[in-house]
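A short write-up of the structure that comes next.
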Amino acid sequence: MRARDPEEPGRVASSLELFFDLVFVVAVSITAAEFHHSLSDGDVGYALTHYLLLFFAIWWAWMNFTWFATSFATDDWLYRVLAILQMAGVLILAAGVQPAFEDSDFTITVVGYVVMRVAMIAQWLRASRSAGPRRRTTVVYALGIAVVQVFWIAFLALPEDLAVPAFVVLALAEIAVPVVAERQGRTPWHTHHITERYGLFTLILLGESLLGSANAVIEALHDAEALRPLISIAVLTLVVTAAMWWTYFWPPHHRVIRDLSSSLRYGYLHYFVFAAAGAFSAGIEVEIEHLAGKGELGDVAASFTVTVPVAVFVLGIWFLAIRQSADRLVNTVVPVGALLVLLDPVLPVPVTLTAVVMAVVVTVLVIRPPVVPAHR
């Protein structure tokens, strides 16, 4: 398992990586659905806290495999078996999402998470055998992950009232492992490959929003009184989702990752972008329920479940990738547009202002192409 060439030409996502992503479609879909149900019950704080914690587990498992694969993927039988073991962990984690939301019972979630991480430890130890000058880095990764998993197992013995703060502390410990390990010697990231993988995960998340658009049409066919608003929300959801896709893929992402600091920033802050994309699909479902006269949220709160995720998504991508490749006009319109969508609840038709603002943002991006930066 020798390190891959970071300058390897034509490097693209492998069939194994695409297969690996399929289990995350399941995990994201279940998490978004449970988030939607929890929001509809009216306890927004509880719903948001649990969503962010559970989404962290999904995102972190995906991200660790992705960055490892860009540096050490061999695609032999053992590598494939360990990747499939990680996929099993994701499915176990997904099975634990419902009890985590309903009863704050993270047992199944943690078991699935630890299965994924143990497989990751095996990958790093295998890489260490032929890592050469990067051996210390690979060993630190394996040791750091192993130590944190011991604490995750101990986490299961904690009383329920300590679950959330302990989860946050352990999440921070997980995040710290790559920071410490990479300072021992940088792993060879392939910038085009890694940003392609991030783009593919973004497509998975936006696909959940398209499902929300389809659900609005399905609901309309069974509710004649709400036919017009539900069809409207379906069309507007498609417009906003397409605009989010356009905005994300406008800048050349590979130019953003230049050194350890920029790679950590790109990798870690994507958590908010990904979580926002997943939350947007849940917000659409909340809005559909609200239009059908269901759920506990009022008009304004239901609208914010849609607009806040859009604002966070756009601001996140602007900060991470757009601003470095944009002129003054784009760097003004994009963040201002992200803030303007928060005014959507003042209109009687949900998502209308968001769709209009996002259409304007895309128009500006079309007429003002990315500016090639001076650095590579």
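The values are calculated or read from the model by the stated rules, or taken from the named source; none is laboratory data. Note that this is a predicted model, so its numbers are computed, not measured. We place every Cβ from the backbone using ideal geometry, glycine too, and count neighbours over all the protein chains shown. Ligands, DNA and RNA are excluded from the accessible area calculation, which covers all protein heavy atoms including side chains. Shrake-Rupley method; radii C 1.70, N 1.55, O 1.52, S 1.80 Å.
Could you grab me the full set of residues in the stretch 1-18 that are under 25 Å from LEU85 (Cβ atoms) and touching a residue at least 40 places away in the same chain (Cβ under 8 Å)?
MET1, ARG2, ALA3, ARG4, ARG11, VAL12, ALA13, SER14, LEU16, GLU17, LEU18
Does the stretch 240-249 include one or more residues that are at pLDDT 95 or above and not in a helix (DSSP H, G or I)?
yes
Checking VAL118 against (1) within 19 Å of LEU260 (Cα to Cα); (2) open to solvent by 20 Å² or more (accessible area, probe 1.4 Å); (3) among the aliphatic types (A, V, I, L, M), only one condition comes out false. Which one?
(1)
What single numbered condition from (1) aliphatic (A, V, I, L, M); (2) touching a Gly at 6+ places or on another chain (Cβ under 9 Å); (3) outside any loop (DSSP other than H, G, I, E, B) fails to hold for LEU365?
The number of the failed condition is (2).
For the stretch 289-318, name all the residues that are of a type in the set (A, V, I, L, M, F, W, C) and either open to solvent by less than 10 Å² (accessible area, probe 1.4 Å) or under 15 Å from LEU48 (Cα atoms) (or both).
Residues satisfying the conditions are LEU297, ALA301, ALA302, PHE304, VAL306, VAL308, VAL310, ALA311, VAL312, PHE313, VAL314, ILE317.
Has the stretch 329-339 got at least one residue that is in a helix (DSSP H, G or I), closer than 30 Å to PHE56 by Cβ and at pLDDT below 90?
no
Scan the stretch 354-376 residue by residue and report those that are in contact with a Phe, Trp or Tyr (Cβ under 8 Å, 6 or more places away or on another chain) and open to solvent by 30 Å² or more (accessible area, probe 1.4 Å).
Hit for the stretch 354-376 is PRO370, nothing else.
Restricted to the stretch 144-178, and to residues that are open to solvent by 40 Å² or more (accessible area, probe 1.4 Å) and of a type in the set (Val, Ile, Thr), which residue is nearest to HIS254 (Cα to Cα)?
ILE175
Given VAL330, VAL351, which one is crowded, with 17+ Cβ neighbours inside 10 Å and under 13 Å from VAL240 (Cβ atoms)?
Answer to the check: VAL351.
Starting from the stretch 290-307, keep only residues that are assigned to a helix (DSSP H, G or I), then list their pairs with residues that are of a type outside the set (Phe, Trp, Tyr) and open to solvent by 80 Å² or more (accessible area, probe 1.4 Å) whose Cβ atoms are within a distance under 8 Å, requiring at least 6 positions of separation or different chains.
If the second residue must be of a type outside the set (Phe, Trp, Tyr) and open to solvent by 80 Å² or more (accessible area, probe 1.4 Å), the pairs left are HIS290/ASP299.
Please count how many residues of the stretch 1-49 are open to solvent by less than 60 Å² (accessible area, probe 1.4 Å) and either in contact with a Ser or Thr (Cβ under 7 Å, 6 or more places away or on another chain) or part of a loop (DSSP other than H, G, I, E, B) (or both).
Final tally of qualifying residues: 11.
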